[in-house]
Structure formats: C-alpha cells, structure tokens
Amino acid sequence: MALIELEDVRRSFTVRTRAGRLRRVKREVRAVDGLSFTVDAGECVGYIGPNGAGKSTTIKMLTGILVPSSGRLRVAGVDPARERTRLAQRIGVVFGQRTTLWWDLPLRDSYELARRIYRIPDARHRANLDRCVELLDLGALLDTPVRQLSLGQRMRGDLAAALLHDPQVLYLDEPTIGLDVVSKAKVREFLREVNTDRGTTVLLTTHDLTDIEQLCGRVMVIDHGRVVYDGGLGGLHAAGESERTLVVDLAEPRPAIEVPGARVVRVEGPRQWLAFPAQDSAAPLLASVAARYPLVDLSVREPAIEDVIARMYAEAVIG
Amino acid sequence: MAETLTARAAWSVRSWWLVAAMWTRSIMAYRISFTLMLLANIATNSLDFVVLLLMFRHTDTLGGWTLPELAFLYGTSGLALGLANLLVGSIDALGQRIRAGTLDIVLIRPAPALAQLCAERFSLRRLGRPLQAGALLAWSLSRLDVHWTPDRLLLMPMMVCAGTVIFACVFIGGASVQFWWDEAKELQNSFTYGGATMLQYPPTVFARELVAGTVFGLPLAFVNWLPALRILDKPDPLGLPAAFQYASPLAAALCVLAAAAAWRAGLRAYRGTGS
Amino acid sequence: MTLTAQLGAVRGGTARLYLAVARGAFRRYATYRAATLAGAFTNTVFGCILAYTFLALWHARPGLGGYDTRQAVTYIWISQALLVTVAVWGGGFQDDVQDRFRTGDIAVDLYRPVDFQGWWLATDLGRAGFHLLARGAVPTLAGMVLFDTRLPADPAVWAAFLVSVLLAVVVSFGLRFLVSLTGFWLHDSEGVRAVMLVVSMFFSGMLLPLALFPGQLGRIAAELPWAALISVPTDVLLERRTGTALLTGLAFQAAWAAVLLAAGRGVQLLATRKVVVQGG
C-alpha cells in the first residue's frame with residue numbers, strides 16, 4: 001500500500017536578488033521540478049542529494065508546511081496542503097538542528113504537552129512513553145531540563161516526542177548530524193526497531209552514508225529538484241560506477257600487483273590500494289590476492305556518498 | 001458547520017492555554033528575575049502617567065479635559081492594550097521565527113498555528129500594564145462624578161472587551177505583514193503602542209483629520225474615545241452621530257474579520273511562497 | 001592600566017584602530033535598512049502624537065518653562081531624533097555584550113590586546129553616527145513639514161549641537177557600560193537594565209523637559225548625568241544655551257563623561273580581578 005504518493009510535484013520560489021544599489025531582480029527558482037515517486041507502508045527510505053537539491057522543500061511539502069505549485073501529493077491518505085492539522089496526527093517529524101522540546105522544562109513536560117496537543121489516550125501515551133524511554137535509555141533524563149541535555153540526549157528526546165502519537169510516517173531531517181559515534185549508533189538502532197517492529201514508514205535525509213547502509217533498503221537521490229536515482233544502495237554504487245577500495249599490506253614492498261577484477265590505484269611501500277566495483281563482493285578478490293601474495297593485513301573502504309553522487313551527476317550531464 | 005466552527009474555536013483556546021501554561025512554567029524557573037521584571041514593567045508603564053501628573057501641575061485642563069478624565073482615558077487605553085498584549089502580544093515575534101526557521105515547528109503540530117503563536121513566550125509579567133491601568137481607572141472613577149445610567153453601565157465592560165479585541169486585531173494584523181516583510185515589527189509598534197499613547201490623551205488635543213483617521217481608518221477611537229464621550233458626557237470634536245459612541249462591538253467585529261483575513265492571506269503566502 | 005596611560009596609548013597608533021572599529025559598527029548598522037526605516041517611522045508617529053499633547057499644554061500655558069510654543073514642539077522632534085542615537089532606552093553595544101556573556105566569550109574579551117572599554121566605546125560611537133543620520137534626519141524633517149518648528153539658522157549652533165550630541169553619546173555609553181558590567185556579578189543584568197530604562201527615560205527629559213519638573217526635583221534632575229542625554233543637547237539646538245550657558249552645558253556633559261568612563265574603568269578592573277580569581 002502506498003503511504004506517500006507524489007505525482008509530478010513542482011515547487012518554485014521567487015528569489016529577489018540585489019542588482020546594483022537599489023534595483024532588485026526577481027528570479028524564479030525551481031526547488032522541486034516534477035517529482036514523482038511512491039513509498040509503501042513499512043519502507044525505510046533514504047532521501048539524499050547535495051545541499052539545495054530540493055530535499056527540505058520536499059519534506060516541507062510532505063508535512064504540509066509548504067504547498068506545491070502544481071502536482072498531486074498524498075500522505076497517509078491526506079492531502080497535506082489542505083489538511084495540515086489532520087496530517088499532523090499521522091506523521092512524526094524530527095529536525096536534526098531544531099528541537100521541538102521545551103528548553104527550560106524537564107523532558108517529561110514536553111511529552112505531557114504532546115499528549116494533550118495530539119490528544120493521545122492516557123493508556124496509549126503511557127505505553128508508548130515507557131517503550132521509548134526503555135529503548136532510548138531516557139529514564140534518568142526525564143526530570144532534567146532540556147537545556148542541560150547533551151546533543152545526543154536531546155536527539156533521543158526529540159525522537160521519543162515525535163513517536164508518542166503513533167505516527168504512520170516518520171520524517172527525519174539529518175537525525176545524526178553532530179552526534180558522537182555512540183549516540184549515532186543508539187539512534188540508528190532505535191530507528192531500525194521503529195521501522196521493523198512497529199512498521200512505521202521512515203523517510204530520512206542525511207549526509208552520512210552509514211545511516212543509509214544500516215537503515216534503508218531504498219535510496220532516492222535528488223538533484224535540481226528531480227529524482228536522479230531510485231533503488232537499492234548497491235544499485236546506487238553501480239549507477240554511479242562507484243568503487244570500493246581494498247587496502248592490503250603485503251609482507252614486503254612490491255611493484256603494483258596484478259589481480260583480475262581490480263586495479264591498483266596507489267602504492268606506498270608494502271601497502272597497496274586496489275579499486276574494485278562497489279557492487280562486487282570483496283571475498284573472491286581477496287582470495288585471489290591471498291593465493292598469489294603473502295598478506296600481513298587488509299581492510300575494505302566504502303566509497304564516500306558525495307563521491308558516488310558526484311560521479312552520477314557527471315554521468316547525467318554527459319547522458 | 002456552526003458546530004465545527006465552535007469546536008475549532010474551543011480547540012484554539014485550549015491550544016493557546018496549553019502553550020501558555022508551558023511558558024508560564026518555563027519562566028517560573030527564573031522566579032526572581034520574573035518578580036523584578038514585573039515591577040520594572042509596572043514602573044515603566046507608570047512613567048507616562050507621572051508625566052501627565054507633572055503636566056497637570058501647570059494646568060487644570062488639557063484640551064478641555066480634567067486630570068481624572070484623562071486618567072479615565074489612560075486607564076481604559078492601558079487596560080485594552082495590556083490585555084491584548086497579554087493574550088496575543090507574542091505574535092509580534094513572527095518575523096524572527098520565520099528567519100530562524102522555528103515557525104515550521106509550530107506548523108507540524110496538530111493545533112491552530114495562530115493560537116500557538118499567540119501563546120508563544122507568554123509571560124505573566126505582562127500583567128504589569130493591565131494591573132497598573134486598572135488601578136488608575138478605579139482611581140479615576142472614584143474621582144469622577146459620572147451620572148450612571150443603564151447604557152453607561154453597560155458601556156463600561158463593552159468598552160474594555162471591544163478595546164481588547166481591537167488591539168489584539170492590530171497585533172495580529174501587524175504580525176501578518178511580517179509574512180511578507182519580516183522586519184515590520186517596529187511598524188506595528190507604532191500602531192499598538194503609539195495608538196495606545198494617543199488614546200491616553202483627549203481627542204480634542206489632536207488634529208481633526210487624525211481623529212477622523214482613528215474612526216474611519218484604523219478604528220482605535222472605538223477602544224475608548226467614543227464610548228468615553230458618552231460615559232463622561234463630553235462633546236464630540238467631530239460631531240458624529242451618537243450611535244458611534246455605542247458602536248465599539250461592531251468595530252471590534254469588523255477588526256476581527258479584517259485581522260483573520262490578513263492572517264490567512266499571510267499564512268497562505270508563507271506556505272505558498274515561503275523561503 | 002591607568003586612565004592617563006590609556007589615553008596616551010590611544011593618542012599613539014591605536015587611534016587608527018578605534019576609528020576602524022567605529023567605521024565597522026557604522027557600516028554594520030547601515031545594513032539593517034528595513035529596520036532603520038521602520039524605526040524612523042515609529043519615531044515620527046510618536047513625534048506627532050507627543051507634539052499635539054505639547055501644543056495642548058502650551059495652549060493652556062503659553063511660555064511654560066521658558067519655552068515658546070514653537071520651541072516646545074521642536075523639543076519633541078529633537079528628542080525623538082536623539083532617542084535612538086543616544087540610546088536613552090539602552091541597547092546598542094549592550095546587546096552585543098549580553099550575547100558575549102551568554103556564550104562565555106566575555107572572559108576572553110577582557111584579555112584581548114585591544115582595550116575592552118575603548119573597543120565598545122568605538123563601536124557605540126560608530127552606531128550613534130549612523131543613527132544620528134538615519135533615525136535623526138527622518139523625524140526632524142517630518143517635524144519640520146508637519147509642524148511649525150524652530151531650528152537655528154546659525155551653523156555655529158549646529159556645530160555646538162553636534163559636540164553636545166557626541167558628549168551625550170559618551171555619557172550614555174558610560175552609564176550603559178556600568179549596567180552591562182553588572183553581568184559579571186549578577187545572573188543576568190536584564191533587571192538592572194529595566195530599572196535603568198525607567199530612570200533614564202524620566203530624568204533625561206525625554207518625556208517632559210526638565211524645566212517643567214517641580215522645584216527641588218527639577219533642580220536635582222538637572223544635575224544628574226541623564227540630563228546630559230537629551231536636556232542639554234536640545235537646549236543647545238533651541239538656543240536656550242548660548243554664550244557662557246553653552247560652555248557650562250558642554251562642560252557639564254564632559255565632566256559626567258569623564259566621571260563615568262573612569263568609574264567604568266574601575267569596575268572593569270574589579271571584573272578582571274574576579275575573572276582571574278574564579279577563572280571566568
């Protein structure tokens with residue numbers, strides 16, 4: 001069942017720029033330019049793209065904050081532009097850099113307000129809160145004023161606040177930005193739990209490839225307001241012709257070794273860097289290296305998301 | 001239709017109440033600062049009246065009105081502005097919220113945006129002005145020899161309520177402008193605070209065109225001037241029909257319609273052409 | 001560092017630095033175009049309202065306080081023009097300092113090679129320069145168009161007025177600097193600022209010329225530093241202070257400026273010592 005549906009959605013802004021001392025020039029910018037996709041219930045989708053690609057404009061339209069210039073848009077059976085407050089009951093939103101919690105009040109008070117504003121029945125509120133508190137390890141923080149929480153603690157607090165009313169869809173805008181490694185891991189674990197156990201549909205924007213790798217079965221890449229890729233992470237690598245890197249430490253320095261299915265891109269003493277297509281498995285390559293040369297150590301490096309996308313754009317321009 | 005409208009209004013009031021209660025609790029985290037600010041607020045608001053007192057050391061009447069009569073205007077103007085400011089005054093920070101991107105947080109909650117924004121940063125310290133103005137109104141009534149008739153008795157509460165609504169509409173209408181021009185806050189101040197200052201003085205002090213502007217333009221004259229003419233039995237410098245002196249509720253209703261339209265247009269513009 | 005040593009240093013190469021700081025502040029405020037325009041409009045609206053009340057008062061009592069009716073109306077417009085320039089309400093650099101308290105940068109500021117007080121004075125003079133031009137000119141012109149005002153034709157009076165405004169800004173800075181420094185001892189100086197606002201609005205003559213204050217209160221008010229903010233500069237421009245009176249007026253402002261700057265210097269030393277002891 002499609003929970004999010006977009007059909008040829010467009011959204012443009014008029015931007016006024018100063019030209020000269022007094023003159024101003026109006027310019028139309030198409031932030032979203034003919035976007036069509038659907039997301040089924042229970043999916044977890046990574047929504048990525050460079051800054052200014054139209055990600056947050058899309059999220060704002062999906063939450064009903066912004067109205068599309070044209071096209072059809074449905075979320076959980078509701079037209080966001082027309083029924084913003086009804087939609088609000090069915091979605092949860094977390095902005096990584098803007099908290100919805102009350103700065104000077106204990107965390108608990110923000111949840112109490114959510115109960116009243118979202119009109120959540122007492123029993124359900126208690127059950128949901130208990131569950132979030134347990135999974136996000138918030139027990140000790142409930143009576144702490146939000147201003148005293150660390151960034152990671154606050155993000156966990158925000159996640160709980162966004163889920164108390166059992167939303168069908170959860171939008172996350174950069175949920176792990178600025179967090180330390182431990183907090184990132186906790187947030188991801190929780191999101192996986194929410195997605196698989198509760199079946200909540202998740203749409204997240206991120207700059208962190210690991211978020212997508214660990215959470216999302218599907219990635220959508222947007223650029224200049226259009227979807228330029230929609231599929232699995234592996235396919236993204238193929239589409240972008242991205243390469244992973246096998247780093248091997250040989251027993252002794254050698255000239256560039258020769259292995260089928262990979263090419264040496266760098267040699268530094270006994271250490272050599274071998275690039276191979278990202279969708280290929282590293283195992284057979286490793287086996288053939290080990291069969292021919294004595295190995296001391298090895299590691300596999302993932303491609304950076306920016307590189308993958310950048311290469312894809314280059315393709316798109318040529319194609 | 002009527003039923004859903006009442007339900008929506010009730011939900012708006014409740015949302016306002018919930019958010020205002022959160023802010024009150026927030027501010028009580030700084031209790032001493034709160035008390036100091038309440039006192040400072042009362043003192044600041046009293047300055048205008050001290051100036052009036054000093055003026056009346058040099059004269060017995062200003063524009064043909066005595067000190068207790070001016071105190072009546074001062075009290076009713078301050079009461080209306082103060083109550084409006086208490087209830088919806090925070091809306092004037094809208095431009096800041098748009099710039100900081102925090103307006104979006106209000107828009108993702110299942111409650112009316114206007115109600116939430118009016119309660120935002122709600123502070124009981126704003127009670128300073130209505131308290132001080134109310135006290136002066138009481139003093140003026142004790143010194144004035146009003147010939148109380150039923151219509152005059154009725155005009156008193158009607159005037160305060162309508163005045164509060166009119167000023168609240170000026171706040172909301174002014175804030176709506178910030179959807180297009182986010183630095184319009186100060187402009188709005190000149191209509192709210194400037195308007196209230198004007199209403200502290202008798203209409204006879206000002207140029208007729210200016211007074212006419214407050215009747216037929218921005219209808220501030222209905223806040224206290226026109227009903228006060230009737231209650232205190234003073235001549236109308238514009239010579240308008242007596243009906244105008246009873247028309248405050250009507251003016252307030254028109255203001256509500258205008259402010260609601262402005263707000264809806266502003267919000268639509270933000271969601272339609274936002275940044 | 002003592003005040004004289006400080007002045008010596010300024011007279012040396014650092015004068016150019018402070019000039020650059022002031023120019024920077026001027027430009028920064030000049031970028032807030034829309035806000036400046038809206039502010040000037042507000043000054044004009046209040047000017048109109050208050051001018052009418054003064055007209056009514058002087059209609060009842062011509063020549064009150066030694067002002068003729070035109071002077072009384074002009075008084076309102078000059079005071080509106082000066083309100084933001086001399087920051088009778090507070091503000092200007094105070095908001096920046098308050099931000100630095102919030103972020104904790106203030107402790108570092110005390111140890112910069114540039115003098116703390118001198119730096120903020122320079123920014124405030126730059127700000128005042130912009131506000132005098134932008135928020136002073138509009139209400140003055142509006143007042144001239146809408147009302148029968150009385151501005152001097154003699155350029156010497158205008159020159160004296162500018163000197164007086166400069167001194168007014170320095171006195172105002174001295175007062176606001178002391179208020180801001182209370183932030184080193186108090187949790188937040190907002191309460192002090194609020195009290196200062198009331199005192200400043202009243203005793204500067206912003207709401208009513210000090211000459212209209214009754215007996216003893218009027219005499220005391222004329223000697224307080226706030227008189228240097230509005231009362232003295234307006235009297236200079238209205239030519240109520242000429243000859244010796246002009247000189248004593250300017251000397252009065254200069255004396256308060258010196259006293260307040262010295263006091264600010266002293267409190268700054270105490271603050272520095274406190275930061276050293278407590279480590280910020």
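The values are calculated or read from the model by the stated rules, or taken from the named source; none is laboratory data. These figures come from a predicted structure and were not determined experimentally. Here the Cβ positions follow ideal geometry from the backbone for every residue, glycine too, while neighbour counts run over all protein chains shown. Remember, those area values only see protein heavy atoms, side chains included, never the ligands or the DNA or RNA. Shrake-Rupley method; radii C 1.70, N 1.55, O 1.52, S 1.80 Å.
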Accessible surface of B:Lys234 - all protein chains present, 1.4 Å probe, nearest 10 Å²: 40
Nitroxide proxy distance, nm - points 7 Å out along Cα→Cβ at A:Ser288 and A:Arg271: 2.5
Exposure ranking of A:Asp280, B:Asp151, B:Asp60 by accessible area [1.4 Å probe, largest first]: B:Asp60, A:Asp280, B:Asp151
Largest-first ordering by accessible area, 1.4 Å probe, given options C:Thr53, A:Thr38: A:Thr38, C:Thr53
Rounded to 10°, Cα long-axis angle of helix A:305-318 versus longest principal axis of chain A: 80
Distance between the range A:83-99 and the range A:151-169 - C-alpha centres, whole angstrom: 11
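From the gyration tensor of the Cα coordinates in the protein assembly as shown, what semi-axes in whole Å does the equivalent ellipsoid have, largest first, with each one equal to sqrt(5λ)? Numbers along the way, then the final one.
Working: eigenvalues 716, 268, 119 Å².
The answer is 60, 37, 24 Å, longest axis first.
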Taking the convex hull of Cα positions in the range B:124-275, its mean projected area over all directions (nm²): 10.4
Amide proton proximity set for A:Gly92, modelled H, under 5 Å, gap of 5+: A:Val169, A:Leu170, A:Tyr171
P(r), alpha carbons of the range B:2-273 - 10 Å bins starting at zero, rounded %: 7, 28, 33, 22, 9, 1
0 to 90° range, to nearest 10: angle between helix B:185-199 axis and chain B longest Cα axis: 20
Chain A, helix-only ellipticity at 222 nm - DSSP H runs n ≥ 4, -39,500 (n - 2.57), divided by all residues, nearest 500: -9500 deg cm²/dmol
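With the other protein chains left in place, how much accessible area per residue, in square angstrom, belongs to the protein assembly as shown at a 1.4 angstrom probe?
Heavy-atom accessible area per residue stands at 44 Å².
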Rounded accessible area of B:Ser12 (nearest 10 Å², 1.4 Å probe): 40
Simple spin-label estimate for A:Arg126 and A:Ala41 in nanometres, 7 Å along Cα-Cβ: 2.8
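What do the square roots of 5 times the Cα gyration tensor eigenvalues come to for the range C:15-278, in whole Å, largest first, as semi-axes of the equivalent ellipsoid? Mind showing how you got there, number by number?
Details: eigenvalues 219, 78, 59 Å².
Working from the Cα gyration tensor, I get semi-axes of 33, 20, 17 Å.
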On Cα atoms only, tilt of C:155-181 relative to the major axis of chain C in degrees: 40
Buried area at the C-B interface (accessible, heavy atoms, 1.4 Å probe, summed, Å²): 2900
Drop in accessible area of at least 30 Å² in the complex versus isolated chain, residues of the range C:174-191, 1.4 Å probe: C:Glu190, C:Gly191
J(HN,Hα) series, the range A:214-230, from Karplus relation 6.51 cos²θ - 1.76 cosθ + 1.60, nearest Hz, glycine and proline x: 8, 10, 9, x, 9, 10, 10, 9, 10, 8, 6, x, 10, 6, 9, 8, 8
Phi to ³J(HN,Hα) by Karplus 6.51 cos²θ - 1.76 cosθ + 1.60 over the range A:152-162, Hz, x for Gly, Pro: x, 5, 5, 4, 4, x, 5, 4, 4, 4, 7
Around B:Asp145: net Lys/Arg minus Asp/Glu count, Cβ-Cβ under 15 Å: +1
Estimated FRET transfer efficiency (C:Ala20, B:Arg57; beta-carbon r; R0 45 Å; 0.05): 0.35
Point-to-point label distance, C:Gln216-C:Leu270, nm (Cα→Cβ direction, 7 Å offset): 2.9
Selection from A:Phe190, A:Thr99, A:Pro255 lying farthest towards where the dipole of chain A points positive, charges on Cβ: A:Thr99
Helical contribution to [θ] at 222 nm, DSSP H n ≥ 4, -39,500 (n - 2.57), averaged over chain B, rounded to 500: -23500 deg cm²/dmol
For A:His224, solvent-accessible area (1.4 Å; no DNA, RNA or ligand), Å²: 140
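Rounded, prolate or oblate for the range A:129-183? Axes are the square roots of the Cα gyration tensor eigenvalues, ordered a ≥ b ≥ c, and the cut-off for rounded is a/c under 1.5.
Oblate, since a/c reaches 1.5 and b/c is not below a/b.
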Positions from the range B:94-137 whose accessible area shrinks by 30 Å² or more when the full protein complex is built, not the chain alone, probe 1.4 Å: B:Asp104, B:Ile105, B:Leu107, B:Ile108, B:Arg109, B:Pro110
Estimated 222 nm signal from helices in chain C, with DSSP H stretches of n ≥ 4 weighted -39500 (n - 2.57), rounded to 500: -23500 deg cm²/dmol
Heavy-atom SASA rank of A:Thr14, C:Thr234, B:Thr44 (probe 1.4 Å, accessible area, largest first): A:Thr14, B:Thr44, C:Thr234
Shape of the range C:47-184, Cα gyration tensor, a/c cut at 1.5: prolate
Whichever aspartates and glutamates have a C-alpha closer than 18 Å to that of A:Lys186, once near sequence neighbours (fewer than 8 apart) are set aside: A:Asp130, A:Glu134, A:Asp137, A:Asp158, A:Asp173, A:Glu174, A:Asp197, A:Asp208, A:Asp211, A:Glu213
Cα gyration tensor shape for the range A:2-237, rounded if a/c is under 1.5, else prolate or oblate: prolate
